[in-house]
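Here is the structure we will look at.
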Amino acid sequence: MKTIVKATEDSVNNQLPTFFDDFFTRDLFQKDRNSTGFFHPKVNILEKDHAYEMSIAAPGMSKKDFNLTIENNSLIVRAHKENESDEINGKFTLKEYNYQSFERSFSLSDGVIDVKGIKAKYNNGVLCVTLPKSKEWKEKSFRRIDVV
């Protein structure tokens with residue numbers, strides 16, 4: 001489960017050696033899977049003043065394939081698409097892509113997200129989820145301190 005947290009410069013810089021280590025040591029034909037063996041789509045989370053914007057790479061799906069829920073203070077993103085068995089006159093000599101089900105969960109800190117305001121849209125292979133910050137959190141997280 002991922003937790004939505006603010007990135008620091010150190011946390012971003014520490015990913016660079018891992019990227020190169022993975023690039024040179026992993027099997028180039030290995031599918032992107034998590035430890036359970038299921039497809040694990042890539043996710044970007046951008047923090048803005050009033051919301052977090054999450055982008056999940058999920059090409060080949062349609063909006064009806066997604067199911068987003070809030071469970072036990074977590075955002076659960078599920079997608080399921082049946083592989084279509086179109087009648088093809090011939091035999092594949094190479095078939096590298098297919099559509100797979102996945103599930104990702106993201107822990108939501110208490111009071112940070114306005115759960116009723118969460119919105120999602122799917123466009124061009126990317127599921128975009130907007131998680132607005134709660135009014136109370138925005139008021140708590142910013143306070144001007146006067147210097148005397």
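The values are calculated or read from the model by the stated rules, or taken from the named source; none is laboratory data. Quick caveat: nothing in here was measured; it's all calculated off a predicted structure. Don't worry about glycine lacking a Cβ; one is built from the backbone with ideal geometry, like all the others, and counts go over all protein chains shown.
You will find that of LYS116, LYS81, the residue that is at pLDDT below 95, in a loop (DSSP other than H, G, I, E, B) and among the charged types (D, E, K, R) is LYS81 and no other.
Considering only residues that are more than 17 Å from the chain's Cα centre (by Cα) and more than 17 Å from ASP49 (Cβ to Cβ), look in region 119-148 and name the one that is modelled with the highest pLDDT. For region 119-148, the residue satisfying everything is VAL147.
For region 102-113, the set of residues classified as of a type in the set (S, T, N, Q) and either modelled with pLDDT of 90 or more or under 12 Å from ASN67 (Cα atoms) (or both) consists of SER105, SER107, listed by residue number.
Of note, LYS63 satisfies the criterion of being under 18 Å from VAL126 (Cβ atoms), surrounded by 10 or more Cβ atoms within 10 Å (Cβ to Cβ), in contact with a Phe, Trp or Tyr (Cβ under 6 Å, 6 or more places away or on another chain) and modelled with pLDDT of 90 or more.
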